[in-house]
C-alpha cells in the first residue's frame, strides 16, 4: 500500500530556472496539501487542493508559485524564476477527505537547492 | 502569530533510556496539539494528538499531556528502542472554521537510539 509519493527527492536549479515538484497522494485520497520547510524552520502550510480545485492558497507566496491537482495525474507545485530563498524542503500530504482531525499523511519531501 | 518551539537536537540515547522531547507553543485560543514522527526513508506520520487542556495523547509507548498553564506538550517514553530513531515534530492546529489542515510545526528533533 504505497504512501504519498513525491518526486524528485532532490532537485538542483540555478537562479531564474523553473522547478516542478510532483506529488501522488495515497490511494483513495482526493485531498492534497503542500507544506514548505525553510532551513532552520518548521514546516509551514502553503496550499490545499482537491481534484481540479484550489481550496485554500493562503500560505502561497503571491508571485512565482503555483499549484495544480488535475483530474488525472499527480499534483504539481511549480516555482518559476527560482531564487536562492526558495531553497527548502517541500512536503506534500494527503487525506481521504478534508482533514477535520489534523491527521495528514505526508510524503518524504522534495529538497530544492537553488544555486 | 502561532509558533511551536521544540527542543534542539540531535538527541542520542541508549536503548531502554527515558526520553523527553520538550515542546512549547504560542497560540491564541485553544489549539489542538500533535506529535508527528518521520522514520528514515518515510514521510511524516501522526504519532499522537490532544485536542483540549489536560488531555493525554498516547501511542506506541509514547505519551504527551496538553498543559495549558505552561503552554507545553512534551513527548515522553519510558524505555526507547533502536526502532524509535527518527525525527519528531511537534505541531499545533488552531481551528479556524473547520480548516483542520493548517498545522504549524516545530523544527523537528532528531532522535538516535543506540543498542
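The values are calculated or read from the model by the stated rules, or taken from the named source; none is laboratory data. Since the structure is predicted, the reported quantities are computational estimates derived from the model, not experimental observations. Neighbour counts are summed over all protein chains in view; Cβ atoms, including those assigned to glycine, are modelled from backbone coordinates with ideal geometry.
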Keeping to region A:79-100, report how many residues are under 14 Å from residue A:32 (Cβ atoms) and either more than 8 Å from every other protein chain (Cβ to nearest Cβ) or buried (at least 21 other Cβ atoms within 10 Å of the Cβ) (or both). 9
In region A:40-61, anything surrounded by fewer than 19 Cβ atoms within 10 Å (Cβ to Cβ), more than 19 Å from residue A:80 (Cα to Cα) and in contact with a strand residue (DSSP E or B) (Cβ under 7 Å, 6 or more places away or on another chain) is listed as A:44, A:50, A:55, A:56
Tell me, yes or no, whether region B:5-26 has at least one residue that is surrounded by 20 or more Cβ atoms within 10 Å (Cβ to Cβ) and within 9 Å of another protein chain (Cβ to nearest Cβ). yes
Only one of B:32, B:58, B:14 that is farther than 15 Å from residue B:94 by Cβ and under 15 Å from the mean Cα position of the chain (by Cα): B:58
On the given criteria, is residue B:37 crowded, with 20+ Cβ neighbours inside 10 Å, more than 9 Å from chain A (Cβ to nearest Cβ) and within 15 Å of residue A:43 (Cβ to Cβ)? yes
Please specify each residue of region A:27-53 satisfying the condition of being free of Cβ contacts under 8 Å to residues at least 24 places away in the same chain and in a loop (DSSP other than H, G, I, E, B). A:40, A:41, A:42, A:51, A:52
Scan region A:8-26 and tell me whether some residue there is part of a loop (DSSP other than H, G, I, E, B), touching a helix residue (DSSP H, G or I) at 6+ places or on another chain (Cβ under 8 Å) and surrounded by fewer than 16 Cβ atoms within 10 Å (Cβ to Cβ). yes
Can we say residue A:36 is surrounded by fewer than 19 Cβ atoms within 10 Å (Cβ to Cβ) and modelled with pLDDT of 95 or more? no
Among A:63, A:103, A:72, the single one that is more than 20 Å from residue A:10 (Cα to Cα), more than 15 Å from the chain's Cα centre (by Cα), within 14 Å of another protein chain (Cβ to nearest Cβ) and assigned to a loop (DSSP other than H, G, I, E, B) is A:103
